[in-house]
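Written below as structure tokens is the structure these notes are about.
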Amino acid sequence: MSSISDNLQAVSADIRAAALASGRDPQQLRLLAVSKTFPADAVIDAAEAGQHCFGENYLQEALEKMQEVQAKKPQLQLEWHFIGPIQSNKTRPIAEHFAWVHSVDREKIAQRLSEQRPAGMPALNICLQVNISGEASKSGALPEEAVALAQKIAVLPGLQLRGLMGVPEASDDEQVQRQAFRQLKQLSDSIQAAGIALDTLSMGMSSDMHAAIAEGSTMLRIGTAIFGNRNYAK
């Protein structure tokens, strides 16, 4: 089996090649290693191979993992991103322990994160999640609501609205993938035209990152290609 270090090198090389093929500067892209369901030791292996940013979907698992990583390797200074659906009663620990939240999809959640972000911490970086494929099973604001919601979030204290996040409907057709990502990029452009500065498009995972890069992604959420297949039955 390939090691996490080898996988990271391969993913980074793939991202670089895809960026150059799309006429983009590879430096414009950040890699977020999605470590959900994988143990703290996997995070440590990735961190020691040079990875800095980690994404988690499940709050309790994430908090326990952060604590274990800190206990085993206190010298590691990692950046943690929350990328899963957010329940109202879970906003305080998210506000207290994460640097980024990619999955804000309604004003109530943003307000609670704003109120609960500790005063001594930097502003919490926020991405507005948009349901770009209109799937009932997926979280996210409707595209037609996004500009107004961004305007409300942008003025909340303790938060820094950075951009948009989307998870399109699964497809093996790269043109279908690209169309969904193109819609998110166009929505980002509309929000910026309304006077809100954005610098982040959180889009693209292991299965569709080439399409996301071609359509302007700035942050790729990659898990399987780094850590391997997940076993949700554990």
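Tabulated results
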item: Qualifying residue in region 172-195 (condition: open to solvent by less than 20 Å² (accessible area, probe 1.4 Å) and farther than 29 Å from residue 224 by Cα); result: yes
item: Out of 220, 187, sole residue that is hydrophobic (A, V, I, L, M, F, W, C), in a helix (DSSP H, G or I) and in contact with a helix residue (DSSP H, G or I) (Cβ under 9 Å, 6 or more places away or on another chain); result: 187
item: Inter-residue pairs, beta-carbon under 6 Å, first more than 17 Å from residue 131 (Cβ to Cβ) and in region 195-208, second assigned to a loop (DSSP other than H, G, I, E, B) and polar (S, T, N, Q), 6+ apart; result: 200/218
item: Filter result (touching a strand residue (DSSP E or B) at 6+ places or on another chain (Cβ under 9 Å) and open to solvent by 60 Å² or more (accessible area, probe 1.4 Å)) within region 16-58; result: 30, 52
item: Of all residues in region 59-98 being open to solvent by 30 Å² or more (accessible area, probe 1.4 Å) and within 13 Å of the chain's Cα centre (by Cα), the one that is nearest to residue 148 (Cα to Cα); result: 85
item: Looking only at region 126-164, and only at residues there that are touching a Gly at 6+ places or on another chain (Cβ under 8 Å) and surrounded by 23 or more Cβ atoms within 10 Å (Cβ to Cβ), the one that is farthest from residue 113 (Cα to Cα); result: 132
item: Residues that are at pLDDT 95 or above and either in contact with a strand residue (DSSP E or B) (Cβ under 6 Å, 6 or more places away or on another chain) or surrounded by fewer than 23 Cβ atoms within 10 Å (Cβ to Cβ) (or both), drawn from region 207-219; result: 209, 210, 214, 215, 216, 217, 218, 219
item: Pairs, first within 20 Å of residue 219 (Cβ to Cβ) in region 167-181, second open to solvent by less than 40 Å² (accessible area, probe 1.4 Å) and aromatic (Phe, Trp, Tyr), C-beta under 8 Å, six or more apart; result: 168/181
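The values are calculated or read from the model by the stated rules, or taken from the named source; none is laboratory data. In this text the structure is predicted, and so the values were computed from the model without any measurement. For neighbour counting, all protein chains shown are included, and Cβ atoms are generated from backbone atoms with ideal geometry for every residue, glycine included. Please note that ligands, DNA and RNA were not included when accessible areas were found on the heavy atoms of the full protein model with its side chains. Shrake-Rupley method; radii C 1.70, N 1.55, O 1.52, S 1.80 Å.
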